[in-house]
Amino acid sequence: MAKKLIDNDQFESSCLILPEHKVDWLTRQEQILEKKITVLDDQELEQIHRTLIDSYNRRLRIRITVFDQIEDKVYEGVVSTINTYLMEIKLVWGNGEYKFINIDKIISTSI
């Protein structure tokens, strides 16, 4: 039997999915697809923009939470560039690393 599993590609690549596992997997996929970005009100948007501008002008270190379909990401750094045409910022941290972040994907900011 072990020889069949080693030498026969058909048995090696086959896989068995139990009905319970299929239901769990499909439920998880639906949850991933259902997560949508939260709509922010005007006060929250103004606070986010103010924090980004303060970080840019005064070189303050800020924490930014960015929307992601699976899990929201948190970045810390200083805003070095604000590109209003592309609606993105360049966030720089410690050792010269940076990331461009779309302003529309930002959920929250804090100093």
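Listed by position, the strands (runs of 3 or more DSSP E) inside segment 48-105 whose residues that are hydrophobic (A, V, I, L, M, F, W, C) number at least 3 are 62-66, 73-83, 88-93.
Each residue in segment 34-67 was checked for being under 20 Å from Val92 (Cα atoms) and either open to solvent by less than 100 Å² (accessible area, probe 1.4 Å) or touching a Cys at 6+ places or on another chain (Cβ under 6 Å) (or both), and 14 of them qualify. Cβ-Cβ contacts under 8 Å between residues 6 or more apart (or on different chains), taken from a first residue in segment 30-45 that is in a loop (DSSP other than H, G, I, E, B) and at pLDDT below 80 to a second residue that is surrounded by fewer than 10 Cβ atoms within 10 Å (Cβ to Cβ) and among the hydrophobic types (A, V, I, L, M, F, W, C), are listed as Lys35/Ile70.
Do we have Thr109 as of a type in the set (S, T, N, Q) and in contact with a strand residue (DSSP E or B) (Cβ under 8 Å, 6 or more places away or on another chain) here? Here the answer is yes, as Thr109 does meet what is asked. The residues on offer are Lys90, Lys73, and the sole one that is open to solvent by less than 60 Å² (accessible area, probe 1.4 Å), in contact with a strand residue (DSSP E or B) (Cβ under 7 Å, 6 or more places away or on another chain) and of a type in the set (Lys, Arg) is Lys90. If only residues of segment 82-98 that are of a type in the set (Ser, Thr, Tyr) and free of Cβ contacts under 8 Å to residues at least 12 places away in the same chain are counted, the one that is farthest from Val66 (Cα to Cα) is Tyr85.
The values are calculated or read from the model by the stated rules, or taken from the named source; none is laboratory data. The structure displayed is predicted, hence computed values, not measured ones. A quick note on method: Cβ atoms are made from the backbone with ideal geometry, for glycine too, and the neighbour counts reach across all protein chains shown. Surface areas here come from the heavy atoms of the whole protein model, side chains and all, with no ligands, DNA or RNA. Shrake-Rupley method; radii C 1.70, N 1.55, O 1.52, S 1.80 Å.
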